[in-house]
1. Name the pairs: first residue in region 1-16 and assigned to a helix (DSSP H, G or I), second residue among the small types (Gly, Ala, Ser), Cβ to Cβ under 6 Å, at least 6 apart or on different chains?
2. Which pairs turn up if I take residues in region 20-36 that are under 18 Å from SER62 (Cβ atoms) and look for partners that are outside any helix (DSSP H, G or I) and modelled with pLDDT of 75 or more with beta carbon separation below 8 Å, at least 6 apart in sequence or on another chain?
3. Being closer than 18 Å to GLN3 by Cα and in contact (Cβ under 8 Å) with a residue 24 or more places away in the chain is the filter here, so list the residues in region 55-82 that pass it.
4. I'd like the residue in region 25-70 that is of a type in the set (Asp, Glu) and at pLDDT below 75 and, out of all such residues, is nearest to HIS14 (Cα to Cα).
5. Within region 15-24, is there a residue that is buried (at least 17 other Cβ atoms within 10 Å of the Cβ) and modelled with pLDDT under 75?
6. I need a count of the residues in region 67-84 that are in a loop (DSSP other than H, G, I, E, B) and β-branched (Val, Ile, Thr).
Amino acid sequence: MSQEKIAELLKELHSELEKSDHLNDQETDLLNQILADVNNMNSEPATDIDLDELEKQAVIFSEKHPVISETVSQIINTLARIGI
């Protein structure tokens with residue numbers, strides 16, 4: 001169930017990224033890295049994902065990009081629930 005939820009949230013995040021034209025290059029790179037890290041968690045040790053760093057980034061995005069920030073926060077919460 002949690003893997004399915006993560007996949008759903010990643011699709012939502014990807015969709016929001018495609019819709020947003022207000023991201024600068026650094027923000028786009030950061031979110032693409034988040035997507036890559038979470039997508040690769042099946043092939044790499046899950047402990048490689050830094051939830052603290054993801055939380056910091058969600059806070060940074062919260063003011064300018066609340067939907068993206070909320071989606072990243074949901075991904076963080078789901079990862080935490082499955083023990084990442």
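1. From residues that are assigned to a helix (DSSP H, G or I), there are no pairs.
2. Cβ pairs passing all conditions: SER20/HIS65; HIS22/HIS65; LEU23/HIS65; GLU27/HIS65; LEU31/LEU23.
3. Listed by number, the residues that qualify are THR71, VAL72, GLN74, ILE75, ILE76, THR78, LEU79, ALA80, ARG81, ILE82.
4. Residues of region 25-70 of a type in the set (Asp, Glu): 25, 27, 29, 37, 44, 48, 50, 52-53, 55, 63, 70.
Filter once more, keeping what is at pLDDT below 75: 37, 44, 48, 50.
Working: ASP37: 13, GLU44: 21, ASP48: 21, ASP50: 20 Å.
It comes out as ASP37.
5. Step one: filter region 15-24 for residues buried (at least 17 other Cβ atoms within 10 Å of the Cβ), giving 16-17, 23.
Retained after the next criterion (residues that are modelled with pLDDT under 75): none.
Within region 15-24, none of the residues are buried (at least 17 other Cβ atoms within 10 Å of the Cβ) and modelled with pLDDT under 75.
6. Start the filter on region 67-84 by keeping residues that are in a loop (DSSP other than H, G, I, E, B), which leaves 82-84.
Filter once more, keeping what is β-branched (Val, Ile, Thr): 82, 84.
So the answer is 2.
The values are calculated or read from the model by the stated rules, or taken from the named source; none is laboratory data. These numbers come from a predicted model, not from an experiment. Here the Cβ is made from the backbone with ideal geometry for all residues, glycine too, and neighbour counts use every protein chain on show.
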